[in-house]
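Q: Before anything else, here's the structure in question.
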Amino acid sequence: MKTVYLDYASTTPVDPQVVASMLPFFSQKFGNPSSFHHKGMEAKNAVDDARSRIASLLGCSPHELFFTSGGTESINFALKGIAFAHKQKGNHIITSTLEHHAVLDTCAYLEKQGFTVTYVPVDAQGRVNPKDVERAITPKTILISIMYANNEIGTIEPISEIGTLAQKQGIYFHSDACQAAGALDLDVRKLHVDLLTINGSKIYGPKGIGLLYARKGIALEPLLHGGGQERGMRSGTENVPYIVGFAKAFELAQSHRDQENKRLTKLRDALISGLLKIDKTRLNGPKSNRLPNNVNISFLDIEGEAMLLYLNEKGICASTGSACASQSLETSHVLRAIGMPYEASHGSLRFSLGKYTTFADIKKVLAVMPSIVKTLRELSPVRLTIKHFQ
Amino acid sequence: MTVRKKDNLRKKPELHADVKAKVDSQKWFYTDEVKEHFFKPKNFMDEKTSKTYKASGIGLVGSPACGDMMKVWIKINPKTERIIDMKWSTFGCASALASTSMLSVMVTEKKGMPIEDALKIKPQDIVARLGSLPARKFHCSVLGDKALRAAINDYFRKTGQTKRIITEGARVIDKATGITDKDIEEAVLEGADTLEKLQQKLKVGIGNPACLPEVEQLLRFYKEKYSG
């Protein structure tokens, strides 16, 4: 049975060109960039070259980039780095209820360290209102962190507006752009971000590599201390092959962006309209202001993990915001943040499309989904009627 | 999901909760037996049968808000006091569906299980027959035994055997207020028949909405117990 992989927002396969770019750096060009000999120089040049290429895509200077082990580390670095370096100035942080757990849990940790955090609510589509952010600002605010695009429901946030108002008030602004990296414009000047997180595993690069952009002149407290790599900000021998692969992946993603977005948007909308033909369903997140690869639909009266297992039997990989499929047994905080009632929050599915997704894949999902829903509804004693479910 | 929310299941920190190291070695693992019951459920109540089915007792536990809900219909032979048929309907994940299906096989095989034995079924017994379930699924999704007990209680009530109705001991439901299931039972007896009325009386779950699914479940349980 052919696998229909529709979980690209979880992770992407590594592009063969990316793998090819990485391979020489495992056993041939294996040197440590800090070493004072030609093998070290070879590795150092590769890292410098990768850094410059990424910097030119982000519109920043290579010295404003720090390679990390991925999105989670970059977010921790940004939030804790700013908080600890600027605690004399203030102890207040603003973020949203829609953020990834990497942000929310880091904020919870910082609260334990004496910082206070305001979680700005979002509207029914998952959009942060810049005015709410502005109203949350206090004289003690040192950092605002709002994601560029949401991983579950695909909402694109008004980053440059928030960035502009943060800049005016002299407050640092970080954005988690892990989901946006393949699809949206990442020019840091246009976005008005001071800090930006990107990782490799969502853009057909390897897992375990990411970066933090931090505007020149911003004081950050490092998370890792040691050999002084990354200009003293992130110790640990550089992961040379992964850095090289990350740069290649980022270049590939950005070079086909417009064309690929158009293609994905068509597939996305076909999947959305096909799934909404099923009774008692609704689209989570906005219709248009959303990532071109994100589909998130709720099905009333049935549970997400059960749907996932039926889909898996048909070779289809998707994901759910259902509590039963999460390690935590809590339903998705994102669905709750957009006001989804608890009783409807267990039956959501996310299909995230990617560069190997075809129309045939979409057709396959649309062919099997109605009968899966029908089967599970026949087994279910629940018969809900909720507004906005058609 | 969170109906039988035990403290040790509350792993995911709330926004303001302590951030602790999470130890989770659980794997996604469903046995062939679980898959068999999930993909080919036995004895479930279909639309058509439900219209004419004459149940001796009906039990309902859980709620869509908490992520699992089970309804059980049983037929009891009053002479032998054996369960001669069971039908079910379940909203929930694979383990919820499979465990109810397995339960229906357990109570109806071998000419039907005596009521007294059926009342003693524990989640562990169902899980043993399924081979195993991922540990974190254990407490939350295996509600079939509770639904079955509710159905047997319903049978006792319908046949006037109120003394045989089994109630569980006092247990704190809302840690914020210290409200127990007994408090909820008494409030229901005093006329609190909706969550709002219950909250006006007890303030249960107002500062701790996580316990609401269980409160709703108890509300329904006691309403059914004392109605009619």
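The values are calculated or read from the model by the stated rules, or taken from the named source; none is laboratory data. Values in this document were obtained by computation on a predicted structure and should not be read as measured data. Ideal geometry is used to build each Cβ from the backbone, glycine not excepted, and the neighbour counts take in all protein chains shown. With ligands, DNA and RNA removed, areas are computed over all heavy atoms of the protein, side chains included. Shrake-Rupley method; radii C 1.70, N 1.55, O 1.52, S 1.80 Å.
Q: So residue B:41 clears everything in (1) at the interface with chain A (Cβ under 8 Å from one of its Cβ atoms); (2) at pLDDT below 50 except one condition, right? Which one?
A: It fails just one condition, (2).
Q: Inspect segment A:236-244 for any residue being open to solvent by 10 Å² or more (accessible area, probe 1.4 Å), assigned to a loop (DSSP other than H, G, I, E, B) and hydrophobic (A, V, I, L, M, F, W, C) and give the result as yes or no.
A: no
Q: What's the total number of residues in segment B:1-16 that are within 7 Å of another protein chain (Cβ to nearest Cβ) and either open to solvent by less than 90 Å² (accessible area, probe 1.4 Å) or modelled with pLDDT of 85 or more (or both)?
A: Here the count works out to 6.
Q: When segment B:174-228 is examined, which residues are found to be open to solvent by 40 Å² or more (accessible area, probe 1.4 Å), in contact (Cβ under 8 Å) with a residue 40 or more places away in the chain and touching a Ser or Thr at 6+ places or on another chain (Cβ under 6 Å)?
A: Across segment B:174-228, the qualifying residue is only B:216.
Q: When you scan segment A:15-89 for helices (runs of 4 or more DSSP H) that lie fully inside it, which ones turn up with 3 or more residues that are among the polar types (S, T, N, Q)?
A: Because the criterion is at least 3 residues that are among the polar types (S, T, N, Q), the helices (runs of 4 or more DSSP H) in segment A:15-89 that meet it are A:38-58, A:71-85.
Q: Select from segment A:147-167 the residues that are of a type in the set (D, E, K, R) and assigned to a loop (DSSP other than H, G, I, E, B) and write down the one among them that is modelled with the lowest pLDDT.
A: Across segment A:147-167, the extreme among qualifying residues is A:152.
Q: For residue A:144, are the conditions met, namely being part of a loop (DSSP other than H, G, I, E, B), modelled with pLDDT of 95 or more and crowded, with 23+ Cβ neighbours inside 10 Å?
A: It is false that residue A:144 is part of a loop (DSSP other than H, G, I, E, B), modelled with pLDDT of 95 or more and crowded, with 23+ Cβ neighbours inside 10 Å.
Q: Working carefully through the options A:349, A:291, A:366, find the one that is crowded, with 24+ Cβ neighbours inside 10 Å, away from every other protein chain (no Cβ under 14 Å) and not polar (S, T, N, Q).
A: On inspection, the qualifying residue turns out to be A:291.
Q: Something else now. Out of A:313, A:330, report the one residue that is in contact with a Phe, Trp or Tyr (Cβ under 9 Å, 6 or more places away or on another chain), within 14 Å of chain B (Cβ to nearest Cβ) and modelled with pLDDT under 95.
A: Step by step, each of A:313, A:330 is checked, and only A:313 is in contact with a Phe, Trp or Tyr (Cβ under 9 Å, 6 or more places away or on another chain), within 14 Å of chain B (Cβ to nearest Cβ) and modelled with pLDDT under 95.
Q: Hey, among B:110, B:71, B:35, which residue is more than 10 Å from chain A (Cβ to nearest Cβ) and open to solvent by 10 Å² or more (accessible area, probe 1.4 Å)?
A: Exactly one residue qualifies, and that residue is B:110.
Q: Do the conditions hold for residue A:122, that is, is it open to solvent by 10 Å² or more (accessible area, probe 1.4 Å) and of a type in the set (A, V, I, L, M, F, W, C)?
A: Here the answer is yes, as residue A:122 does meet what is asked.
Q: Can you name every residue in segment A:168-218 that is of a type in the set (A, V, I, L, M, F, W, C), touching a residue at least 60 places away in the same chain (Cβ under 8 Å) and in a helix (DSSP H, G or I)?
A: Within segment A:168-218, A:188 is the sole residue that qualifies.
Q: Could you look through segment B:38-68, keep only residues that are under 19 Å from the mean Cα position of the chain (by Cα) and charged (D, E, K, R), and pick out the one that is surrounded by the fewest Cβ atoms within 10 Å (Cβ to Cβ)?
A: Step by step, filter segment B:38-68, then rank; the result is B:42.
Q: Can I ask one more? Filter segment B:116-159 for residues that are at pLDDT below 80 and among the small types (Gly, Ala, Ser); which is most open to solvent (accessible area, probe 1.4 Å)?
A: Here the residue is B:135.
Q: Does residue A:340 qualify as being open to solvent by less than 30 Å² (accessible area, probe 1.4 Å), out of contact with any Leu (no Cβ under 7 Å at 6 or more places or on another chain) and either free of Cβ contacts under 8 Å to residues at least 60 places away in the same chain or not β-branched (Val, Ile, Thr) (or both)? Quick ask: steps written out before the conclusion?
A: Numbers: open to solvent by less than 30 Å² (accessible area, probe 1.4 Å): yes; out of contact with any Leu (no Cβ under 7 Å at 6 or more places or on another chain): yes; either free of Cβ contacts under 8 Å to residues at least 60 places away in the same chain or not β-branched (Val, Ile, Thr) (or both): yes.
Yes; evaluated as a whole, the condition is true for this residue.
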